[in-house]
Structure formats: structure tokens, C-alpha cells
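All remarks here apply to the structure that follows.
The values are calculated or read from the model by the stated rules, or taken from the named source; none is laboratory data. All values derive from a computational prediction rather than experimental measurement. Here Cβ is always computed from backbone atoms with ideal geometry, including for glycine, and neighbour counts include all displayed protein chains.
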Amino acid sequence: MFAYSGNDFYCEQVPLADLAAHVGTPAYVYSSETILTNFRAYDEAFGDLPHTVCYAVKANSSLAILAMLARAGAGFDIVSGGELFRVLQAGGDPAKVVFSGVGKTPDEVEYALGHGIHAFNCESEAELALIDAKAERLGVKAGFAIRVNPDVDASTHPYISTGLHQHKFGIAIQEAPAVYERARRFRNLTAEGVSCHIGSQMLDPAPIFEALEKALALAAQLRAEGSPIRHLDLGGGLGVAYHQGETAPPIGPFIEKVRERLRACGLTVVVEPGRSIVGPAGVLLARVLYRKRNGAKEFVIVDAAMNDLIRPALYHAHHEIVPVRKNSLPPVTADVVGPVCESGDFLARDRRMANVMPGDFVAVCTAGAYGFVQSSNYNSRLRAPEVLVEGAGYRIIRCRERLEDLVRGETL
């Protein structure tokens, strides 16, 4: 929870100016209250309908956050063996893990089978054959769902839209019954479910419900034909408000509508939210280094850069940037840029914003999802620490890297 109290910007009960002065900048800061509130909004809205809320680890894979969600009862949606390792290290239950992604390697499949995950969301027949072979070698049965591509337009950024026929994800829904039928020849696979995920950052949930209807009809057809379908995986994709004044779909009413539609289907429902749980729960703190003017162009140069938060450069994503301590100066229109040696290194362009000065701290808002997880050491910059706020206290859950970390694992 982030809000002003007087002139100071707070995360829960912690003034961010004090936190920034203590831990340094740039730094990611997360609100534990917001994360748990958003997770419980999903979990509780399902009521007595059998369900599993599988948090999408790719959104934010911090061990402390995964552990907090595991204690709250979350399952996990993973897309790599490394993410499974993180879930296990954090105390997550592998029996509540679904493994998604188009390019699972043989080693990753064997690792997941060895730990007894719930199911694989499969995206090709070749993948089914690989999982069957690995399951036979280990002497286990592997649960799977086919990720179907319903050809539904998520109306979001093209890089995060996944449900159209031209995307790499899934199997065309009209081809899925034949694939399930051919999968019966694999003696070590069990058709646990049907999976569907059409994209991310959807502020209008209508496409999700369109995909739901298609997936539900497919599940009913498969069950009628004898497949032991037990769950329907609807993926994630619910958006968050990045722009001031923007409205995101409230989680509770959205899930209540899903629950009512699926109450009579006899299936366990799986959802895979990520951004909507952690996105609003994080900010990236930065310090203003310099102010600069080139002709009519004003620049605010900060110590956070595209290596810390690549979303503006990669997606042209918008993040509100607010002062950690308000001043009385008139606002300014400026580009907010970092130290990386790229013209694409910006956090905002032509932004009407507070007239901050060198030494001031700013908060780049709604940065809890796809922030630190996409950060890098480009320009040999140290990756930022991560801080978890819990009420009036906070703890560093990832230390700031040191120079020695930049060359760890390298040889001359």
C-alpha cells in the first residue's frame, strides 16, 4: 500500500525517504500487505468452488515473496526449471505447481517429474512425447493439459498477447480434440485438464470470458469422449492501473463472475495471476543525479536505468513517477533518463511531473511485476536490492550486488 501522508510518500507505515536514505538507490520496495491482499482477493472470491490460485512466478520470483505466498496457500505457475527450484527453495508445494511454456527442455521435464508437480501445460505433440518418455524412465504418471489457442484477441500490447493463431503459444483449439485422442497412446500420461491463456495486462476482461466459453466447451466435449479431464486452467492476464486515473478490473468481482459461470461444470478451476498480485505492490526508488537542458528539452537524470527497469524501453510502458517528498515548485515537462549509454535508456518521455532537484528521491510506481526479474548487469551496473515492507518495519530480501558479483563465474 503506497500513499502520501502529508508531504511524505509511504509504503505501509514506512516513509520511503527514510528507507531510501538507509538502503540506497536504486532499490525495489514491495508492500507485503498489498501482495497478500491481492492474493486473498482471488482465493476468497472462489468460495467453495474447487480451485487453485497458481501465482505466476515469472512476474516476480523473489524467494521471500514466493515463501509468503506459499504460506498463504498459493500454488505456482512456472515456465522453467529454475523457477521450480525457486519455488522449492521457498517452501512451495510441488503438487500445486503447473509447468507452462513452449520450450521445456528434457532436463527440465525430468526435474519437474522427479519432484511430483501437478501438471504440465503442453504446447505441442512433440512435448507430450518427451514427457511420456521421461515419465516411463522414472516410473511415474505425468498429468498434462493441452494449452489451447482459442484465437481470441486480448487487445493488449503485441509482445504480451498470446491467444491468436499467429502466436507461438498453444495448439489451435479446433485441433485439440484430435491431439487429446492421439495422446491416449502414451501410457505414462494422464489428461488432467484443459489450459488457456490469451495474454497479459487486460483491462477489459471480456476476452477472458470469450476464451473461457471456448475452453469450457472443449472440456465438456473431451469428457464426453472419455478423457479424464479434472481441471480447467484459465491462465492469468488481469491488468493493473499504470496511468494515474486508469481503472483496473477489481479482482473479487471478476472471480465471482468466473465462479458463477463454472459452478456447475464439475471441474477444479486453476488461475495463474502474476501482475495483478505483485504489480501494484512495488516501486523502484531512484535518486535524482542531475538536471539538464538541451535546447527546449528538459532532462531529469536519475540513478536508475533501463537495466533496472526495462519495461519503458521494451514495451513503451508507462509508470507514474512521483516525488518521495513533495515540494512547492511548479511542475515541469521532462524526460526521465538513466546513466546507461543508450538513447533508449529512459523511464519516461515528455512527462509532466514534479519539479525534482538533484538529491531528491523519486518512486517509479507499479513496478512490482516484470521489474527486477527483467533487470540485468548491462553497462556492468550492479543490480538493485529488493526490500519487503511489513507494517512499520522492513527487511532487505536481496542484497545490492557488489563489484565482485559482476565477474562471478568468469575466468581470465
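Some points to look at:
- Residue satisfying all of: in region 105-133; within 15 Å of Leu88 (Cα to Cα) and of a type in the set (A, V, I, L, M); surrounded by the fewest Cβ atoms within 10 Å (Cβ to Cβ) among these: Leu113
- Where helices (runs of 4 or more DSSP H) fall wholly inside region 1-72, the ranges with 1 or more residues that are out of contact with any helix residue (DSSP H, G or I) (no Cβ under 9 Å at 6 or more places or on another chain) and in the same structural domain as Glu401 (by TED's automatic domain parsing) are 16-23.
- Residue check, Asp204 crowded, with 23+ Cβ neighbours inside 10 Å and charged (D, E, K, R): no
- Filtered residue count, region 274-288, keeping only those that are of a type in the set (A, V, I, L, M, F, W, C) and in a strand (DSSP E or B): 5
Matching residues to (1) among the hydroxyl-bearing types (Ser, Thr, Tyr); (2) closer than 28 Å to Leu388 by Cβ:
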site	(1), (2)
Tyr242	yes, yes
Gly266	no, no
Asp303	no, yes
Ile321	no, yes
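- When we screen Val79, Val98, Val102 for residues that are at pLDDT below 95 and farther than 21 Å from Arg395 by Cα, the only hit is Val102.
- Scanning region 301-321 for residues that are part of a strand (DSSP E or B) and out of contact with any Phe, Trp or Tyr (no Cβ under 8 Å at 6 or more places or on another chain) yields Val302, Ile321.
- Region 326-341 residues that are not assigned by TED's automatic domain parsing to the domain that holds Asp308, paired with ones that are of a type in the set (A, V, I, L, M) and surrounded by 12 or more Cβ atoms within 10 Å (Cβ to Cβ) (beta carbon under 9 Å, 6 or more apart): none
- Residue selected from region 350-372 under the condition out of contact with any Phe, Trp or Tyr (no Cβ under 8 Å at 6 or more places or on another chain) and exposed (fewer than 14 other Cβ atoms within 10 Å of the Cβ), by the criterion farthest from Ile321 (Cα to Cα): Gly359
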